[in-house]
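Peer 1: Structure provided below as structure tokens; questions to follow.
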Amino acid sequence: MRPALAGAIAQCAAVGVASVATWLVAGELGLWLLIQVPVAMGISAWMRQPRWWLVIHLLFAPTVYLALQIGIPSWVYLVAFVVAWLVFGRIDQSRVPLYLSNHQALDALDALVPDGAAVLDLGAGTATVLLRLGKRSGLTVVGVEHAWLPWALGRCRLAWNRSRATLVRGEIEDCSLAPYDVVYAFLSPAAMPALWTKARAEMQAGSLLISNTFEVPGVPADRVIELNDWKDARLYLWQMP
């Protein structure tokens, strides 16, 4: 079950339970929130959703209540939705938010990519990795990004800097990994199992899969590089057999 659907089910069930309980004891809104929030969190935990969904359930109902009290115009919600869609795309399907590689990751990646390699950045965002690697002559550097706003911003950055790198808009699952010597990804835990399956099926022997921060469940990395940043992040490397 998709996380967004499971979250909606948890919220709806909690709303029902809280509404019935509040009606039975003739309680006020405060009691409703005291019931709805922990019920939603409990259902989410029972459905084994990722931990960050607990935070969403904790804040969702109180945030809606505060927004209604403030009297925010309805068009603001539409604008917020459109902006979120432009920035993140269909995150309910991809389950990949917008992550940006920091300088430590860029330095480590630059050192790992051999001269003359073809490099693919999956989820390239605003083309930060492409701009860095595109400075090196002899590299073929391509990025894929599905969200409209990061893709558009990335294209503008590449054009402004006259970079040799290329950024295309598309879905990761539709992109062949076969032509590339190095595939770099900064995705999410939910996306890693499918990426590993795709990499094993398409990447050539000796090519390198590099993941920023997120491991492949049940598949130990051939090498781990500590980035020594504030997040204690790592690069995980797998060489294709």
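Peer 1: Under a point spin-label approximation (7 Å from Cα along Cα-to-Cβ), what is the Gln69-Ala159 distance to one decimal in nm?
Peer 2: Each label point is offset 7 Å from its Cα along the Cβ direction, giving 4.7 nm.
Peer 1: Two-decimal Rg/Rh of segment 165-241 from alpha-carbon positions, Kirkwood Rh?
Peer 2: Using Cα coordinates only, the ratio equals 0.96.
Peer 1: Taking 0.36 nm per residue of sequence separation and subtracting the Cα-Cα distance, how much length would be gained by fully extending the chain between Arg136 and Asp229, in nm to one decimal?
Peer 2: 31.0 nm is the gain from fully extending Arg136 to Asp229.
Peer 1: Additional query: Determine, for each peptide in 214-224, 103-113, 143-153, 166-176, the mean count of other beta carbons within 10 angstrom over its residues, then list the peptides with the highest first.
Peer 2: 143-153, 103-113, 166-176, 214-224
Peer 1: Report the full-extension gain for the segment Asp222 to Asp107: residue separation times 0.36 nm, less the Cα-Cα distance, to one decimal in nm.
Peer 2: Taking Asp222 through Asp107 to full extension adds about 39.4 nm, to one decimal.
Peer 1: Give me the number: length gained by fully extending Leu100 to Ser176, i.e. 0.36 nm times residue separation minus the C-alpha to C-alpha distance, one decimal in nm.
Peer 2: Working it through step by step, the gained length comes to 25.1 nm.
Peer 1: Tell me which residues come under 5 Å, amide H to amide H, from Thr166 once H is placed; ignore anything under 5 positions away on its chain.
Peer 2: Val141, Val142, Gly143
Peer 1: Label Ala190 and Leu59 with points 7 Å out from Cα along Cα→Cβ: what is the distance between them in nm?
Peer 2: Result for the modelled spin labels: 1.7 nm.
Peer 1: Dipole of segment 127-241, Cα-centred, from +1 at each Lys and Arg C-beta and -1 at each Asp and Glu C-beta, to the nearest 20 debye?
Peer 2: 580 debye
Peer 1: Can you compute the equivalent ellipsoid semi-axes for segment 103-239, i.e. the square root of 5 times each eigenvalue of the Cα gyration tensor, sorted largest first and rounded to whole Å?
Peer 2: Square roots of five times the eigenvalues give 22, 17, 15 Å.
Here, each number is a calculation from the coordinates, and none is a lab measurement. None of these values were measured; they are calculated from a predicted model. Virtual Cβ from ideal backbone geometry, glycine too; neighbours counted across all protein chains shown.
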